[in-house]
Amino acid sequence: MNTKVPENPSQNRKGDFTPLVVISALLVTLYLTANLMAVKVIRIGSLSLFDAGTLTFPFTYMLGDVLAEVWGYRTARRVILLTFMCNALLVLFTGIGVALPYPDYMQYMQDAYATVYTYVPRIVVASLISFLLGGLANAGSLVLIRRLQHGDAHLWIRTVGSSAVGYLFDTVLFVLIAFVGTVPAADIVFMIVVQYVAKLVIEILFGTPLAYGCIGFLKRRFL
């Protein structure tokens, strides 16, 4: 007997499933990767500039731009909220993993595991709040700029402009929530400026060209 459930054409429309799932999965993966990479701080000379997650984080905004440009703000918001919940689950279950008992001969592995996965509560809160508000600001700004442009031309204005707004929310909120009271004010200002500029430069040099290619491909092939 054939027990295969037939496909529902209304739920498998071209462009509604596969591309959206792929973009969403990539966004979630890159964001979680950025948070894990944030354990490592990049230092050049005598200056500690930013965490390693800064290298991958701008690509989450690029994918947020793709979502907002192709599927609209409502879909982008849902994926951002999904990413937020996935990060909360990562923090919860890796924390449980740290707390579980382990054999004495694995002490070195436990120490390394705890170093990577033991998040300072302030850092966790800073990451969650800054990503949620920054991601929503980025997607909302792209849609608003598109309306002001009255058309689809000059995508780079939307991607760079929306990221500039989103990174402002994300960077300022993260640094303030995570470090105020523990880091000198001058260092906090320096960290905000350097991280903001670094994210925007990565967006301009890599994120926007990738957004052009991705959006163009999706519109030609699936929409």
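The values are calculated or read from the model by the stated rules, or taken from the named source; none is laboratory data. Since the model is a prediction, treat every value here as computed from it, not as a measurement. Cβ: placed from backbone, ideal geometry, glycine included. Neighbour counts: every protein chain shown. Calculation scope for accessible area: heavy atoms of the full protein, side chains included, ligands and nucleic acids excluded. Shrake-Rupley method; radii C 1.70, N 1.55, O 1.52, S 1.80 Å.
Just a few scattered comments:
- Filtering the stretch 74-92 to residues that are under 23 Å from residue 143 (Cβ atoms) and small (Gly, Ala, Ser) leaves only 76.
- Residue list for the stretch 118-140, filter: more than 16 Å from the chain's Cα centre (by Cα) and within 30 Å of residue 65 (Cβ to Cβ): 119, 122
- Single condition residue 81 does not satisfy, out of (1) touching a strand residue (DSSP E or B) at 6+ places or on another chain (Cβ under 6 Å); (2) free of Cβ contacts under 8 Å to residues at least 60 places away in the same chain; (3) not basic (Lys, Arg): (1)
Yes or no, residue by residue, for (1) among the polar types (S, T, N, Q); (2) closer than 26 Å to residue 41 by Cα:
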{"site": "84", "(1), (2)": "no, yes"}
{"site": "97", "(1), (2)": "no, yes"}
{"site": "107", "(1), (2)": "yes, yes"}
{"site": "123", "(1), (2)": "no, yes"}
{"site": "149", "(1), (2)": "yes, no"}
{"site": "155", "(1), (2)": "no, no"}
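- Selected residue [open to solvent by 60 Å² or more (accessible area, probe 1.4 Å) and in contact with a helix residue (DSSP H, G or I) (Cβ under 9 Å, 6 or more places away or on another chain)] from 221, 158: 221
- Scanning the stretch 97-137 for residues that are outside any loop (DSSP other than H, G, I, E, B), over 11 Å from residue 178 (Cα atoms) and of a type in the set (Ser, Thr, Tyr) turns up 105, 108, 113, 115, 117.
- Restricting the stretch 84-115 to residues that are in contact with a helix residue (DSSP H, G or I) (Cβ under 7 Å, 6 or more places away or on another chain) and among the aliphatic types (A, V, I, L, M), the residue that is surrounded by the fewest Cβ atoms within 10 Å (Cβ to Cβ): 88
- Residue 127 fulfils the conditions (1) open to solvent by 70 Å² or more (accessible area, probe 1.4 Å); (2) in contact (Cβ under 8 Å) with a residue 40 or more places away in the chain; (3) touching a helix residue (DSSP H, G or I) at 6+ places or on another chain (Cβ under 9 Å) except for a single criterion, (1).
- The number of residues in the stretch 195-204 being aliphatic (A, V, I, L, M) and more than 16 Å from residue 157 (Cβ to Cβ) comes to 4.
- Tally of residues being under 25 Å from residue 198 (Cβ atoms), free of Cβ contacts under 8 Å to residues at least 24 places away in the same chain and in a helix (DSSP H, G or I) across the stretch 145-164: 3
- Selection status of residue 195, among the polar types (S, T, N, Q), over 16 Å from residue 58 (Cα atoms) and either open to solvent by 50 Å² or more (accessible area, probe 1.4 Å) or within 15 Å of the chain's Cα centre (by Cα) (or both): no
- Residues that are at pLDDT 85 or above and of a type outside the set (A, V, I, L, M, F, W, C), drawn from the stretch 1-56: 19, 24, 29, 31, 33, 56
- When the stretch 177-186 is filtered for residues that are assigned to a helix (DSSP H, G or I), under 21 Å from residue 124 (Cβ atoms) and either touching a Gly at 6+ places or on another chain (Cβ under 8 Å) or at pLDDT below 85 (or both), the ones remaining, listed by number, are 178, 179.
- A single entry from 188, 192, 129 fulfils the requirement of being closer than 22 Å to residue 77 by Cβ and of a type in the set (Val, Ile, Thr): 129.
- Condition check for residue 34: more than 17 Å from residue 213 (Cβ to Cβ), small (Gly, Ala, Ser) and open to solvent by less than 20 Å² (accessible area, probe 1.4 Å): yes
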